[in-house]
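**Student:** The structure under discussion is supplied below as structure tokens; questions concerning it will follow.
The values are calculated or read from the model by the stated rules, or taken from the named source; none is laboratory data. As the structure is a computational prediction, the values presented were derived from the model and not from experiment. Glycine gets a Cβ as well: all are built from the backbone with ideal geometry, and neighbour counts include every protein chain shown.
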Amino acid sequence: MANNLPTQSNRLDAYEPVARAIDFLVENYEDAPSLEATAAHVGLSGPHFQRVFKAGAGVSPKRFLQYLAAREAKQAMDRGESVLDASFAAGLSGASRLHDLFLVSEAMTPGAYRKKGEGLTIHYAFVDGPFGRALIGATNKGICWLSFFGVAGEAAQIAEMKEDWRAAAFVEDKSFVEPLAARAFAFAANQSIDQPLGLHVQGTNFQLKVWEGLLRIPYGGLVTYGELANEVCSSRAARAVGAAVGANMISLLIPCHRVILSSGVIHNYRWGTARKKAILAMEEAVAAA
């Protein structure tokens with residue numbers, strides 16, 4: 001899939017109308033907004049908006065809306081075989097191109113984890129992405145934080161990041177973060193990236209095991225909490241697995257959004273159910289395309 005969106009860090013603002021359009025479509029999908037109505041909402045002409053949205057989201061606005069509406073009506077678990085069996089069998093080498101994009105995850109040692117980032121410098125900045133404004137933090141080894149802007153505001157997000165890495169030094173540094181952000185958002189849209197994208201994670205051994213399980217769920221796939229628990233340890237540990245999923249602080253890239261209830265209901269997303277639905281709809285539409 002060609003990536004027509006500028007990948008240079010100084011063009012990340014091109015995502016801003018895409019994010020606003022996605023929010024608008026999620027809020028109004030039942031009314032099936034037209035291309036013209038959605039374009040007008042973000043202040044662009046119809047043809048220009050069509051090009052901008054497809055470049056940023058990987059699919060056309062119409063296709064995204066179709067999958068968003070379909071997901072609401074679809075019982076994702078109504079299949080003859082375990083969703084997890086199929087997903088993990090496909091892994092990252094199935095129809096998805098995610099296997100070709102190199103996501104490199106480096107975990108901290110237990111000793112380093114206990115020190116909560118001592119000796120590390122984390123560069124951070126707020127950037128615009130396809131699902132709205134995001135805070136990204138990164139060390140020299142890779143992205144260590146990615147959270148979406150919420151009602152709490154920027155100061156609260158920064159405070160939360162600093163608490164998670166309380167012994168690290170922090171430097172606000174857009175020039176360091178923006179090239180990583182451009183690759184991260186292209187990666188999240190299943191588009192080609194020019195070099196490996198590193199993640200620098202910290203967590204308990206159990207959390208790391210769960211996050212590794214999340215990384216094996218293919219692009220556009222879904223699993224239940226119980227199935228994920230059965231894969232990484234035991235089906236009886238579904239509650240503990242759910243807590244580990246919720247502790248993930250690198251949203252979008254470690255795909256905790258791909259875990260849903262066994263009923264097919266989509267909820268329990270740290271950054272809001274609407275955003276989770278939007279991410280899943282986009283992934284399914286892009287994977288199908």
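**Student:** Output the qualifying pairs, or none if there are none: Cβ atoms under 8 angstrom, residues six or more apart or on different chains, first residue in the stretch 188-214 and at positive phi and part of a loop (DSSP other than H, G, I, E, B), second residue surrounded by 21 or more Cβ atoms within 10 Å (Cβ to Cβ) and acidic (Asp, Glu).
**Tutor:** Asn190/Glu283
**Student:** In the stretch 181-194, what residues are more than 13 Å from the chain's Cα centre (by Cα) and closer than 18 Å to Cys144 by Cβ? Explain how you work it out, then say what you get.
**Tutor:** Of all residues in the stretch 181-194, those more than 13 Å from the chain's Cα centre (by Cα) come to 182, 191-194.
Within the stretch 181-194, Ala182 is the sole residue that qualifies.
**Student:** While we're looking at this one, here's another question. For Met161, are the conditions met, namely being crowded, with 19+ Cβ neighbours inside 10 Å and modelled with pLDDT of 90 or more? Please lay out each step first, then the result.
**Tutor:** Numbers: crowded, with 19+ Cβ neighbours inside 10 Å: yes; modelled with pLDDT of 90 or more: yes.
Against the criterion (crowded, with 19+ Cβ neighbours inside 10 Å and modelled with pLDDT of 90 or more), Met161 qualifies.
**Student:** What is the one condition in (1) surrounded by 21 or more Cβ atoms within 10 Å (Cβ to Cβ); (2) of a type in the set (Gly, Ala, Ser); (3) over 14 Å from Ile143 (Cα atoms) that Ala188 does not satisfy?
**Tutor:** In the conditions (1) surrounded by 21 or more Cβ atoms within 10 Å (Cβ to Cβ); (2) of a type in the set (Gly, Ala, Ser); (3) over 14 Å from Ile143 (Cα atoms), Ala188 misses (3) alone.
**Student:** Follow-up. Report yes if some residue within the stretch 266-273 is crowded, with 19+ Cβ neighbours inside 10 Å and not in a loop (DSSP other than H, G, I, E, B); otherwise report no.
**Tutor:** The answer is no, given that none of the residues of the stretch 266-273 is crowded, with 19+ Cβ neighbours inside 10 Å and not in a loop (DSSP other than H, G, I, E, B).
**Student:** Kindly indicate whether any position in the stretch 173-184 is modelled with pLDDT of 90 or more and part of a loop (DSSP other than H, G, I, E, B). Working first, answer last.
**Tutor:** Let us first name the residues in the stretch 173-184 that are modelled with pLDDT of 90 or more, namely 173-184.
Then drop every residue that is not part of a loop (DSSP other than H, G, I, E, B), which leaves 173.
Among the residues of the stretch 173-184, at least one is modelled with pLDDT of 90 or more and part of a loop (DSSP other than H, G, I, E, B), which makes the answer yes.
**Student:** Go through the stretch 51-86 and count every residue that is modelled with pLDDT under 80 and not in a helix (DSSP H, G or I).
**Tutor:** 9
**Student:** Residues of the stretch 221-241 being under 17 Å from Ser262 (Cα atoms) and assigned to a loop (DSSP other than H, G, I, E, B), which ones?
**Tutor:** Selection gives Gly221, Leu222, Ser234.
**Student:** In the set His99, His123, which member is outside any strand (DSSP E or B) and either farther than 28 Å from Ser34 by Cβ or modelled with pLDDT of 85 or more (or both)?
**Tutor:** Values: His123 fails: outside any strand (DSSP E or B).
None of the others qualify; the one that does is His99.
**Student:** While we're on this one: Looking at this structure, is Val245 farther than 20 Å from Ala19 by Cα and in contact with a helix residue (DSSP H, G or I) (Cβ under 8 Å, 6 or more places away or on another chain)? Show your work before the answer.
**Tutor:** Numbers: farther than 20 Å from Ala19 by Cα: yes; in contact with a helix residue (DSSP H, G or I) (Cβ under 8 Å, 6 or more places away or on another chain): yes.
Against the criterion (farther than 20 Å from Ala19 by Cα and in contact with a helix residue (DSSP H, G or I) (Cβ under 8 Å, 6 or more places away or on another chain)), Val245 qualifies.
**Student:** A follow-up question, please. If only one of Ala244, Ala287 is within 22 Å of Asn190 (Cα to Cα), of a type in the set (Gly, Ala, Ser), under 19 Å from the mean Cα position of the chain (by Cα) and in a helix (DSSP H, G or I), which one is it?
**Tutor:** Details: Ala244 fails: within 22 Å of Asn190 (Cα to Cα).
Answer to the selection: Ala287.
**Student:** Restricting attention to the stretch 275-284, which residues are in contact (Cβ under 8 Å) with a residue 40 or more places away in the chain and under 11 Å from the mean Cα position of the chain (by Cα)? Can you show your working first?
**Tutor:** Residues of the stretch 275-284 that are in contact (Cβ under 8 Å) with a residue 40 or more places away in the chain, as a first pass: 275, 277-284.
Across the stretch 275-284, the qualifying residues are Arg275, Ala278, Ile279, Leu280, Met282, Glu283.
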